[in-house]
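What follows is calculated from the coordinates using simple rules that are stated; it is not laboratory data. Everything quoted here is computed from the prediction, not taken from an experiment. Here the Cβ positions follow ideal geometry from the backbone for every residue, glycine too, while neighbour counts run over all protein chains shown.
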Ligand SMILES: Nc1ncnc2c1ncn2[C@@H]1O[C@H](COP(=O)(O)OP(=O)(O)OP(=O)(O)O)[C@@H](O)[C@H]1O
Ligand SMILES: [Mg+2]
């Protein structure tokens, strides 16, 4: 693919983005882009700034400076609810499901929160009711899709870690976003549920949305990513296909280590 196609095809583009906490520069990214319709993995060592970058892009944290566009609109500095309403929705590294609400109520709340306050004037009560019914139907449909239909009336607090990640994915999809950002979707998820989750993430892409996800498991990265971006110490140090990025000496040095580099590029001596 040509460089032009890459630029034209970006759904999210950031320039000169910086965020420091006191003297610690958590994010200092010259250029960051996510191609429309791709599954893009964001990798890098602990503390590289991946979550902070997510937080800034989605309006949960302010940038010291930087500009970013989503779907060719300048959304720099927009508050989180407005970014979500524009179609860019994220999940959290630690799932935020509300433990004392049912699984279905959690789904419905995701739609309402992202819809924002005051969207439906009180006078349009009839419309509101229709909207409530539509949201509930969408919630039920998505719970079936992520495999949590049986748990719909259980307290979210009774779900396993893996089931909470599935709930997070379902919640993120309540408003039909065009970009879904997942922070470590498979962390703490058992292998069977991980497969289910990856399958669902692929379907999100196949249905036309774009997925950006933070991941430490390189098998997961290799199996579902179209593109991989590696951060270290706040900056982007490499990007390309999974094969290109795992073979990049800077990535091996900063993150994967020599053994992974060898495993990624088998020699005639066989695996070590
Ligand atoms: N609210 C905060 N206040 C102070 N320092 C912070 C804050 N949030 C993040 N940091 C620091 O910023 C750096 C980047 O953190 P961040 O959580 O973005 O890394 P990460 O790449 O997501 O790491 P991990 O893979 O462990 O989740 C770290 O040094 C972290 O300690
Ligand atoms: Mg993180």
Two-site FRET efficiency, residue 160 against residue 217, from Cβ-Cβ distance with R₀ of 30 Å, rounded to 0.05: 0.95
Average projection area in nm² (convex hull over Cα atoms of the chain, one quarter of hull surface): 16.3 nm²
Highest-MSF residue in the chain out of 16, 77, 234 [GNM, Cα springs under 10 Å]: 16
Over the chain: helical MRE at 222 nm, DSSP H runs n ≥ 4 each giving -39500 (n - 2.57), nearest 500: -11500 deg cm²/dmol
Computed label-point distance, nm, for sites residue 74 and residue 96 using a 7 Å Cα→Cβ extension: 2.7 nm
Per-residue Cβ neighbour rank within 10 angstrom, fewest leading, 230, 129: 129, 230
Chain lengthening between residue 144 and residue 176 when straightened (0.36 nm per residue, less Cα-Cα): 9.9 nm
Calculated FRET value between residue 203 and residue 64, using beta carbons and R₀ = 30 Å, to 0.05: 0.20
The chain: most fluctuating residue of 171, 15, 126 per GNM, C-alpha cutoff 10 Å: 126
Contour minus Cα-Cα distance for residue 247 and residue 133 (0.36 nm per residue): 36.0 nm
Rounded if a/c under 1.5, otherwise prolate or oblate - the range 45-111, Cα gyration tensor axes: oblate
